[in-house]
Amino acid sequence: MTSLQTTHQTLHLATIIGFAFVGGISTCLSIWIMPLLQHASPLARIAQFNSTVHKGGQYLQPSSRVLSACLLTLTVLEYLADGWGARCWAYACTLLVVLPVAPYEVCCIFWINDRVAEVGRELKAGNEIKEKGDDGSQSAVEEELEELIGMWRRRNWGRAGPALAAGVAVAIIGSPLLGS
């Protein structure tokens, strides 16, 4: 086995593990972390949401970029080894699945992060008009937070799904199912 083949196999395995990690963490955010926030007070909910989003920006976004670079590298390595064979096309198509995630985040998710942070600043400045209605109904801020966090949970699948799909696709690409 040549050093190029070893590099290819190592990168292939690291990419599978990386996409499983990023997709798994992102999935946990939608099905576990965000639902737990619904039980906290508005200020606690905002603080935890902002902390979660901050950590995602620190770890998940750079990881996703590195994984896209890994897919591009695997595509190039496969092309150099075998031209535009089935595996090369499969890597390239998988790359096309994950590339739209970054613009999707900008258009569909980041504004929610910004709005939740803005609501937090407004609450800290004392701009909450009423805490709860006389009948125990939610305040306007609680309703907006519930709506924003729910929207974030649903839209997060637009980035968790492609990561999980890419991990499965890369695993299949390396299996004997695809052939050489």
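Here are the numbers:
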quantity	calculated
Scan of the stretch 75-116 for residues that are open to solvent by less than 20 Å² (accessible area, probe 1.4 Å) and not in a helix (DSSP H, G or I), ordered by number	Gly85, Ile109
Exclusive hit being open to solvent by 70 Å² or more (accessible area, probe 1.4 Å), at pLDDT 95 or above and on the phi < 0 side of the Ramachandran plot, set Leu43, Leu72	Leu72
Residues being more than 10 Å from Leu164 (Cα to Cα) and either surrounded by fewer than 13 Cβ atoms within 10 Å (Cβ to Cβ) or within 18 Å of the chain's Cα centre (by Cα) (or both) - total across the stretch 8-17	5
Which listed residue, of Phe21, Phe49, is touching a Ser or Thr at 6+ places or on another chain (Cβ under 9 Å) and in contact (Cβ under 8 Å) with a residue 40 or more places away in the chain	Phe21
Conditions (1) modelled with pLDDT of 90 or more; (2) of a type outside the set (Ser, Thr, Tyr); (3) open to solvent by less than 50 Å² (accessible area, probe 1.4 Å); number of the one not met by Leu123	(1)
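The values are calculated or read from the model by the stated rules, or taken from the named source; none is laboratory data. Nothing here was measured: the structure is a model prediction, and the numbers come from that model. A quick note on method: Cβ atoms are made from the backbone with ideal geometry, for glycine too, and the neighbour counts reach across all protein chains shown. To get the accessible areas, we keep the full protein, side chains included, count just its heavy atoms, and leave off ligands, DNA and RNA. Shrake-Rupley method; radii C 1.70, N 1.55, O 1.52, S 1.80 Å.
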